[in-house]
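Asks: Provided herewith is a single structure, encoded as structure tokens, for subsequent inquiry.
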Amino acid sequence: MKELFKPYENRDVLHTRPERPLGRFSDFVVAELPRLVTAGDQAGLAKALEERLPELAPLLDAEDPSWRGLDNQSLARVDIQFAFNAAYFLGITDNGLLNALTVRAAKLTGRLPGMRYEDCVLDNPENDLRTLFEGAVGGTEADFYLGHKYIERHLASAIDDVVAAIELCRSNFDQSVAEQLVRDAIAEFDGVIGYMGQLHKGMATEDFNIFRLCLSSVTLDKKFADEFPLLKPDANGDVKVDGASGKDSHRIPTLDLLILGRSLDPAYLGHLDKMTPYFPVQGQTDLALGRQIANEGLSLYDIADNEACADSLRSAILALQKAKQVFRSHHMAAVIHHLPGIKQGTGGEDPIPFMSRIMKQTTPKRK
């Protein structure tokens, strides 16, 4: 396990393998943007955007091949979104070209506009990390993203293990092999919980409460958001878009479906339906598979309820469910520690009642 939240002596360690899909604009986002945001230099950022954004204007032309020709469209969106949130944080909300590029990038990558969890974690390259700040705050911000990235990596491996175990049981294979796969998934949660522990106890709360402001909800003028039917304007005609939030991660919900299946509270399934547009594009396949396995009665809990299930496999399945919920409890403890008394998180909801409700909905009572 990597040790997080040590001071960075040189930010170059975050950029050992440059990935710059938008050329000079990506260079600006990586090298200059954090300095301007850290200094609170509104005039400097406004001038820099005025100078650099016109070269991206061809991306707005639906007939122009520029966007389709990019090596990494998702990372191009990340660069545009980081610039948008930086500008918004510093009070620059009237840059029509930046607003239009933000909406266009979301549309072309199949996402909603606004900073998403996948922008700062999943699509943010580990070896060329984007941050909004430099200095101590930027170092904490970088490790916040990396910690979540490492958690996602462990969860992805756990999903692979569980799917393989389910396939073995469906094929009437030796249950001992399936049991080992479930125990491998449990071992992945050692890393998941370990990194969450570092986020809980190792991260500087004062730094977190600075950079998280840049990840919060933003308001778009209706003319820039009318291509997204899910976004409803308020009485003033503005559209509020929730910010980046861990609730947008698809992997724990996927494990809920794979482990619990038909034992899940129907209210939780309704929550997943509501959240579908916010989950990462690359996560839709995992969620669809989880839904299919749950609907077909092939989840690990369905296997455990079969009288042919060996006691040792059943015990492993229950231990995996427990490990998943332990992670949820650690996550909630971290939120309480860093955000005492908060009533609205970056995802737009009061986080503690939300997390408590989800915990209850994903802890079915065993017969």
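The values are calculated or read from the model by the stated rules, or taken from the named source; none is laboratory data. No experiment lies behind these values; they were computed from the predicted model shown. Cβ sites come from the backbone with ideal geometry, for glycine too, and all protein chains shown count toward neighbours.
Asks: Here are the criteria: (1) more than 23 Å from residue 105 (Cβ to Cβ); (2) in a helix (DSSP H, G or I). Tell me which single one residue 8 does not satisfy.
Replies: (2)
Asks: Which one of these is farther than 17 Å from residue 74 by Cα and of a type in the set (Gly, Ala, Ser): 105, 142, 100?
Replies: 142
Asks: Among the residues of region 12-36, write down those that are basic (Lys, Arg) and more than 21 Å from residue 70 (Cα to Cα).
Replies: Scanning region 12-36 gives a single hit, 35.
Asks: Out of (1) over 19 Å from the mean Cα position of the chain (by Cα); (2) modelled with pLDDT of 95 or more; (3) surrounded by fewer than 19 Cβ atoms within 10 Å (Cβ to Cβ); (4) of a type in the set (A, V, I, L, M), what's the single condition that is false for residue 166?
Replies: So residue 166 meets the others, but not (3).
Residues are listed down the side, and each one gets a yes or a no for (1) of a type in the set (D, E, K, R); (2) over 28 Å from residue 291 (Cβ atoms):
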| residue | (1), (2) |
| --- | --- |
| 149 | yes, no |
| 169 | no, no |
| 188 | yes, no |
| 202 | no, yes |
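Asks: Separate question: Name the pairs: first residue in region 156-170 and in the same structural domain as residue 294 (by TED's automatic domain parsing) and more than 15 Å from residue 320 (Cα to Cα), second residue hydrophobic (A, V, I, L, M, F, W, C) and assigned to a helix (DSSP H, G or I), Cβ to Cβ under 6 Å, at least 6 apart or on different chains?
Replies: What qualifies is 168/177; 168/178; 169/178; 169/303.
Asks: Next question. Being part of a helix (DSSP H, G or I), surrounded by fewer than 18 Cβ atoms within 10 Å (Cβ to Cβ) and either in contact (Cβ under 8 Å) with a residue 12 or more places away in the chain or not charged (D, E, K, R) (or both) is the requirement here; does residue 147 meet it?
Replies: So residue 147 fails the test.
Asks: A further question follows. Which numbered condition trips up residue 313, out of (1) surrounded by fewer than 18 Cβ atoms within 10 Å (Cβ to Cβ); (2) assigned to a helix (DSSP H, G or I)?
Replies: Of (1) surrounded by fewer than 18 Cβ atoms within 10 Å (Cβ to Cβ); (2) assigned to a helix (DSSP H, G or I), only one is false for residue 313: (1).
Asks: Any chance you could count how many residues in region 15-67 are within 19 Å of residue 89 (Cβ to Cβ), surrounded by 15 or more Cβ atoms within 10 Å (Cβ to Cβ) and touching a residue at least 24 places away in the same chain (Cβ under 8 Å)?
Replies: Total meeting the criteria: 16.
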